[in-house]
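Here's the structure we're looking at; comments come further down.
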Amino acid sequence: MITGRRPRVLIADDHLLVATALKSLLTPEFDFVGVVEDGRALLAEARRLRPDVIVADVGKPQGDARGQSVRGGGYKHLLKIVS
């Protein structure tokens, strides 16, 4: 847990059904900050929202989520779901 507050999570998946299911599973333990559908949006929203955790499908349209541009952004956790 992140000092006194629930971690903020950003979900990145191009399948709305998967993103919705992940949100349902994670919401009791995390503060949900958003969902994005492609790699460009992931990088933009990660910079803008500064989530504590990013749950990402690594194979995305318009760039993947392998994290090279996200790394170094001060993130403590980068969770990847491979589908």
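All conditions in (1) on the phi > 0 side of the Ramachandran plot; (2) at pLDDT 90 or above hold for residue 4, with the sole exception of (2). Residue 80 meets the conditions (1) modelled with pLDDT of 65 or more; (2) part of a strand (DSSP E or B) in every case but one. The failed one is (1). Residues in the stretch 39-72 that are at pLDDT below 85 and among the acidic types (Asp, Glu): 57, 64.
The values are calculated or read from the model by the stated rules, or taken from the named source; none is laboratory data. Not measured: the values here are computed from a predicted model.
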